[in-house]
Each structure stands twice: as C-alpha cells, then as structure tokens.
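Here's the structure we're looking at; comments come further down.
The values are calculated or read from the model by the stated rules, or taken from the named source; none is laboratory data. Model, not experiment: these values are computed from the prediction. Virtual Cβ from ideal backbone geometry, glycine too; neighbours counted across all protein chains shown.
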C-alpha cells in the first residue's frame, strides 16, 4: 500500500506507476479525452484522502482509475464541503473506496 503526504505527491506517484491520464468528474460519469465512462465502465484501484489542516475547503480525494478500455489515470475531487455534485450511483462507486 502506498502512502502519500500531499495531493501532488499522490498524483505524481500514481503517474509514475502508469496512471497517466486525467479523469474529470461530471454528475453521472467520468470524462477523459472526450470519452465518457459510466459507473460500470471503470474501477477504482486505489484511493487517497487528504484533509486540510485548518480549512475544510482544502480537503481532497485522489483516485487511481482504470477504465474498461484499459485507460489508467487519476481523478482528483474535492471532499466534504467542496465536493462536486454527482449522481447517487457515482457517489456509491466513489464512497465504497473510502475505507
């Protein structure tokens, strides 16, 4: 298991291990280079959560994502009050990896 101290260290570490694509979160899918990935089209292979020391807006989650098309990349999202809106299916998929 990998442990990182910062969001940037997590992103850089994942990229060095082959997670080179950048995924973006929408309400009901992930997007990477114009391709859309619904909940059933990808797996979360690793998860890292970072909490801001003083500001809850500094909280972030870093996910290692692997699509069913073989794309491996990183998804960085806000966590807590700064979290982006998403469908219940997407929330379940991401929340199940927060243990």
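Give the residue that is modelled with the lowest pLDDT, with candidates limited to residues of region 66-99 that are surrounded by 12 or more Cβ atoms within 10 Å (Cβ to Cβ) and in contact with a helix residue (DSSP H, G or I) (Cβ under 7 Å, 6 or more places away or on another chain).
Of everything passing the filter in region 66-99, 82 is modelled with the lowest pLDDT.
Condition (residue is in a helix (DSSP H, G or I), surrounded by 12 or more Cβ atoms within 10 Å (Cβ to Cβ), out of contact with any helix residue (DSSP H, G or I) (no Cβ under 8 Å at 6 or more places or on another chain) and at pLDDT 95 or above) applied to region 33-45: is it met by at least one residue? Before the answer, list the steps.
Of the residues in region 33-45, the ones in a helix (DSSP H, G or I) are 39-41.
Keeping just the survivors that are surrounded by 12 or more Cβ atoms within 10 Å (Cβ to Cβ) gives 39, 41.
Subset that is out of contact with any helix residue (DSSP H, G or I) (no Cβ under 8 Å at 6 or more places or on another chain): 41.
Filter once more, keeping what is at pLDDT 95 or above: 41.
Yes, some residue in region 33-45 is in a helix (DSSP H, G or I), surrounded by 12 or more Cβ atoms within 10 Å (Cβ to Cβ), out of contact with any helix residue (DSSP H, G or I) (no Cβ under 8 Å at 6 or more places or on another chain) and at pLDDT 95 or above.
Give region 1-23 a look and list any residue that's surrounded by 14 or more Cβ atoms within 10 Å (Cβ to Cβ) and over 12 Å from residue 72 (Cβ atoms), or say none. Outline the logic, then answer.
So the first thing to find is which residues in region 1-23 are surrounded by 14 or more Cβ atoms within 10 Å (Cβ to Cβ), and the list is 4, 7, 9-11, 13-15, 19, 21-23.
Answer for region 1-23, where residues must be surrounded by 14 or more Cβ atoms within 10 Å (Cβ to Cβ) and over 12 Å from residue 72 (Cβ atoms): 4, 7, 9, 10, 11, 13.
Being closer than 20 Å to residue 88 by Cα, in contact with a strand residue (DSSP E or B) (Cβ under 9 Å, 6 or more places away or on another chain) and not in a strand (DSSP E or B) is the filter here, so list the residues in region 17-27 that pass it. Give the steps one after another, and end with the answer.
Step one: list which residues in region 17-27 are closer than 20 Å to residue 88 by Cα, which gives 23-27.
Now restrict to residues that are in contact with a strand residue (DSSP E or B) (Cβ under 9 Å, 6 or more places away or on another chain): 23-26.
The one that is closer than 20 Å to residue 88 by Cα, in contact with a strand residue (DSSP E or B) (Cβ under 9 Å, 6 or more places away or on another chain) and not in a strand (DSSP E or B): 26.
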